[in-house]
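Structure first, then comments.
The values are calculated or read from the model by the stated rules, or taken from the named source; none is laboratory data. Because the structure is a prediction, the values reported are computed rather than measured. Here the Cβ positions follow ideal geometry from the backbone for every residue, glycine too, while neighbour counts run over all protein chains shown. We work out accessible area using only protein heavy atoms, side chains counted, and drop any ligands, DNA or RNA first. Shrake-Rupley method; radii C 1.70, N 1.55, O 1.52, S 1.80 Å.
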Amino acid sequence: MSNSDLSQELKEEVEALLNAYVQCIDDDDLERWPDFFTDECLYQVIPRENHEMGLPTAVMWCDSRGMLEDRITALRHANVYQVQWYRHIISNPVIKTEDGDTFQVQSNYAVFKTCNDGESTVYNVGRYVDEIVRDKGVLKFKKRSAIYDTHRITTLMVIPI
Amino acid sequence: MNAITPPHLKWPVDTDYTAVPYSIFNSREVYDLEQKKIHNGPTWNYLGTEAELPEKGSFKSTYIGDTPVVVTRGQDNEIYAWVNRCAHRGAEICRERHGKSEDGAYTCVYHQWAFDAKGDLHGVPFQRGLAGKGGMPSDFDKKQHSLRKVRVVNHRGVIFGTFSDDTPDIEEYMGEDVSYHFDRILKGPIEIIGHTRQYIAGNWKFYSENTKDPYHASLLHLFHPTFGIYRASLGGGTIVNNDVHSVLWVENSKEDESKLSDVRSDNTRTYQDGTYQLADMSLLAGAKEFDDDTSTVIFSLFPSLVVHQIQNTLAFRQILPKNENEFELVWTFFGYADDTEELRNMRLKQLNLVGPAGLISMEDGESTELCQKAIVRDGGYTNVLEMGGVGTGTDDHFVTEGAIRSLWKGYRKLMDV
């Protein structure tokens, strides 16, 4: 099944997950961010150039819920960076599923970053490539790759995409 | 012939390199002079690795300073480099970051002048004109119109380039200790596992200082102390070679308990007795892969390269100045061709520690920008570089700025100021 013959209900359920995920980050509700993943998971933020060359280097690479939590603990208590906010815009989700429980989803994203000086910049643009599964009835990311076109990261990346 | 010293390059007298005028970090005049005297001068600049040019015809675009350069592997299997500027009208010839030229030719799109991997001119369309009209003069000699060539050296699979005939042999240029660490980390054939790029709104020399500064490590980068892992009481220090190159090393086995009590009583954020615990300790599991206890080595080969081993991550960091206020930092991560799958996975996992989103390194871009923002109107003021005394050279501890003072000593020699 692809977008056209996917039931409206399933489509809305997947899109609700995509929306809730970015809202969680943009609302700085980051302690809840690991909840969007299954316990065994892979989250990576990888430059498009590496992805296209088949090179595995990612700037963030977490293969467990614990690693996702550690990212947030470090962000809150260890890392030093200027105040900043993200605003994610996501679009064009293409959803594929065979059974209504496992989904292959690709969507576009743009992240605007605003710092204390008030200037909003296009910080990171790319696509999400996801494997979404039903975990105790709830849709979660088993695998989420943010493959970014903006391969030149301005200053640093501390907040997940 | 000595050019007149720009006012921005006036150094305070009798300061033993403990005071650097801020004006050298945001003056266009100084920046242009650096490009001429340092990057185009008698220095070896990192261009890439042989691993990135696996076949005859492979090429890679990069820079020496802010000059665009293409590195190629010729049909004779040798490595060459030339400035990416057509000898005809100055257009950029190679427009890709990397790739392979199947026929070994590099053709400018503007008027299709064609060059070979060495940068020699082979083809000029309509050189003899059309139907007896036009064309180049009959004495036009293609041999006189090669691309601007870069002298290259392939040292243990790492490629360096220089514009100067006066640049010494690469090992002599590095010095004994940098050479030792270079050989240690390039111990066997490497494999590139990816690149990440960071663009920083700061002067490139602030980053050069940063990588020679063991003092900031446990004070700015709080990941390790927050999780109770790294402390300034560990063994290690800085070594200086030929003024401008340095080695910063940490040895895990040499923690000094007497130092630890000093760190505790100093009441800084540095030591927190592990306030937080990592939920997934596998990040730091690591695997021993060298015949010594050195857990971190960061060595810099001025002006363009920093090489690091931080636990099981290995990287070349290329410093590319863009203008007086900005530079790009290109991280090229590698492993060894004989890595086990387990070791390679450990490297990938530990890449979380370093690079633009590195848990223990992301702040370096930030600190550079903090300096750049604050000095804007205060070029006449100087910094204070007196930690660890006023001398230059090697130290066997972290509470020193000796390697930074050495950098400025060497910088002044190179810049002739």
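Miscellaneous remarks
- Contact residues in region B:345-361 (at least 30 Å² less accessible area with all protein chains than alone, 1.4 Å probe): B:Leu348, B:Lys349, B:Leu351, B:Asn352, B:Pro356, B:Ala357, B:Leu359.
- Spin-label pair A:Glu40-B:Asn252: with each label point 7 Å from Cα along the Cα-Cβ axis, the two points sit 2.8 nm from one another.
- Given charges at Cβ of Lys, Arg, Asp, Glu: chain B dipole, positive-most of B:Leu284, B:Ile200, B:Leu33: B:Leu33
- Unit charges on C-beta of K, R, D, E only; dipole of region B:323-417, Debye: 260 debye
- Taking only the alpha carbons of region B:174-248, we obtain Rg and Dmax values of 15.2, 37 Å in that order.
- For peptide A:47-53, the mean count of partner chain Cβ atoms within 10 Å of a residue's Cβ comes to 3.
- Accessible surface buried upon A-B contact (total; probe 1.4 Å; Å², nearest 100): 3300 Å²
- Across all directions, the average flat footprint of the convex hull enclosing the Cα atoms of the protein assembly as shown is 32.0 nm².
- For region B:309-333, residues shielded by at least 10 square angstrom of accessible area compared with the chain on its own, probe 1.4 Å: B:Glu328
- Accessible carbon and sulfur surface of the protein assembly as shown relative to its total accessible area, %, 1.4 Å: 48 percent
- For peptide A:116-126, the mean count of partner chain Cβ atoms within 10 Å of a residue's Cβ comes to 0.
- Cα convex hull, region B:30-135: 120 Å³ per residue, rounded to a whole number.
- Pairs beyond 19 Å (Cα-Cα), from B:Lys149/B:Lys322; B:Lys10/B:Lys322; B:Lys10/B:Lys37; A:Lys11/A:Lys96: B:Lys149/B:Lys322; B:Lys10/B:Lys322
- When peptides A:101-110, B:183-192 are ranked by their average number of other Cβ atoms within 10 Å per residue, the highest-first order is A:101-110, B:183-192.
- Model label sites at B:Glu176 and A:Ile89, defined 7 Å from Cα along the beta-carbon direction, differ in position by 6.1 nm.
- Here the average projected area of the convex hull drawn through the C-alpha atoms of region B:298-354 stands at 4.5 nm².
- When the alpha carbon gyration tensor of chain A is reduced to an equivalent ellipsoid, the three semi-axes, largest first, read 26, 17, 16 Å.
- Relative contact order of chain B, pairs being alpha-carbon contacts under 8 Å that are 6 or more residues apart, as %: 21 percent
- Tail fraction, Cα-Cα pairs, chain B, threshold 26 Å, whole percent: 58 percent
- Look at the stretch A:72-78: the mean tally of other chain Cβ atoms within 10 Å of its residues' Cβ atoms is 6.
- Nearest-20 debye value, region A:29-161 charge dipole, Cβ charges on Lys, Arg, Asp, Glu: 200 debye
- Across the options B:Ile64, B:Trp331, A:Ala110, the greatest Cα extent toward the positive end of the charge dipole of the protein assembly as shown (unit charges at beta carbon of Lys, Arg, Asp, Glu) belongs to B:Ile64.
- The residues of chain B expose on average 42 square angstrom of accessible surface per residue, using a 1.4 Å probe on protein heavy atoms.
- For q = 0.16, 0.18 Å⁻¹, Debye-computed log10 I/I(0) when each Cα of region B:275-417 counts as one equal scatterer: -1.11, -1.29
- Interface residues in region B:192-224 - accessible area drops by 10 Å² or more relative to the isolated chain, probe 1.4 Å: B:Ile192, B:Ile193, B:Gly194, B:His195, B:Thr196, B:Arg197, B:Gln198, B:Tyr199, B:Leu220, B:Leu222, B:Phe223
- Only aspartates and glutamates eight or more places from B:Lys373 in sequence, or on another chain, were considered; those with a Cα closer than 14 Å are A:Asp117, B:Glu324, B:Glu326.
- The heavy atoms of B:Ser58 offer some 0 square angstrom of accessible surface to a 1.4 angstrom probe.
- Estimated distance in nm for a label pair at A:Val125 and B:Ala374, the labels positioned 7 Å out from Cα along Cα-to-Cβ: 3.5 nm
- Cα-centred dipole magnitude for chain B, charges only on beta-carbon of K, R (+1) and D, E (-1), debye, nearest 20: 1780 debye
- Full extension of the chain segment joining B:Val384 with B:Glu78 gains 105.5 nm, where the gain is 0.36 nm per residue of separation less the Cα-Cα distance.
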